[in-house]
Amino acid sequence: MGKKTESVRAAHSKWENIQHRKGKQDSKRGKIFTRLIKEITVAARMGDSDPAGNPRLRLAMEKAYAQNMPKDNVERAIKRGSGELDGVNYTEIRYEGYGINGAAVIVDCMTDNKTRTVADVRHAFTKHGGNLGTDGSVSFLFKHCGQMFFAPGTNEDALMEVALDAGAEDVVSHDDGSLEVVTGPHDFIDVKQSCSCRLISPTLHRKIATHAAYVHSSAPAQRIFHR
């Protein structure tokens, strides 16, 4: 009887653990979907609703499908952005400021409530030892570019030929054998498509703002900064 009770308890505990992990995964997936839907909606509103004529929308859709977002969700987001469906009206806003040890920070947001968002961003800066700046206070320290990372073992000569011919700015070889392609913000899509056509697919691709200088911080300061 005692062994049977223990077995039932163990099975119940295992089930609870599975449900707990599933709940965390679903929550994380929901947050990712929400962010991607915002990106698609804004991209469709700011440009053509046809991804063939809107590189930003095409990139947002690729990110969504890479996360296994259903096609219906993607199409609804496009229709909301183009005005075919009613929905939340998201706006892009950029905030600039300084983090701990004077590190420059750019925060890009998509929001349906500017007042709430600026209050949240200001609170985050203040809470972690930084301060919110004015427009242009740190943006001159950053350069906008596209990045693509390729797994170790990728043919460097072939990648360099394709990427540079398509307009890439640089191909960087890292110590672990991985490769990085750097592009201008407007050449990103063309370079990525050229690589894909040659069956050289990146493991990660993104548009980012890279900084021109580094600020050295202690390990505790870095942990605070990444919160």
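Quick check: is even one residue across the range 168-187 closer than 15 Å to Ile208 by Cα and in a helix (DSSP H, G or I)? No: zero hits. Selection of first residues in the range 87-103 that are within 21 Å of Ile40 (Cα to Cα) and of second residues that are of a type in the set (Ser, Thr, Tyr) and modelled with pLDDT of 85 or more, restricted to Cβ pairs under 6 Å at least 6 apart or on distinct chains, gives the following pairs, ordered by first then second residue: Tyr90/Thr41. Among the candidates Ala219, Ala209, Ala213, the residue that is surrounded by 13 or more Cβ atoms within 10 Å (Cβ to Cβ) and modelled with pLDDT under 85 is uniquely Ala209. For Asp170, the conditions (1) loosely packed, with under 15 Cβ neighbours inside 10 Å; (2) modelled with pLDDT under 90 all hold with the exception of (2).
Residue by residue, here is whether (1) among the basic types (Lys, Arg); (2) touching a residue at least 24 places away in the same chain (Cβ under 8 Å); (3) more than 30 Å from Glu96 (Cβ to Cβ) holds:
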| site | (1), (2), (3) |
| --- | --- |
| Leu141 | no, yes, no |
| Gly146 | no, yes, no |
| Val162 | no, yes, yes |
| Asp170 | no, no, no |
| Val182 | no, yes, no |
| Pro185 | no, yes, no |
| Asp190 | no, yes, no |
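If you go through the range 104-134 and keep only what is free of Cβ contacts under 8 Å to residues at least 24 places away in the same chain, surrounded by 14 or more Cβ atoms within 10 Å (Cβ to Cβ) and within 20 Å of Leu36 (Cα to Cα), you end up with Val107, Cys109, Thr111. Within the range 109-159, being assigned to a helix (DSSP H, G or I), within 14 Å of Ile93 (Cβ to Cβ) and touching a helix residue (DSSP H, G or I) at 6+ places or on another chain (Cβ under 8 Å) holds for no residue. Regarding Ile78, is this residue among the β-branched types (Val, Ile, Thr), more than 19 Å from Gly146 (Cβ to Cβ), in contact with a helix residue (DSSP H, G or I) (Cβ under 9 Å, 6 or more places away or on another chain) and not assigned by TED's automatic domain parsing to the domain that holds Lys192? Yes: the conditions hold for Ile78.
The values are calculated or read from the model by the stated rules, or taken from the named source; none is laboratory data. Note that the structure is predicted; figures quoted are calculated from it, not measured. Positions of Cβ are backbone-derived with ideal geometry, glycine not excepted, and every protein chain shown enters the neighbour counts.
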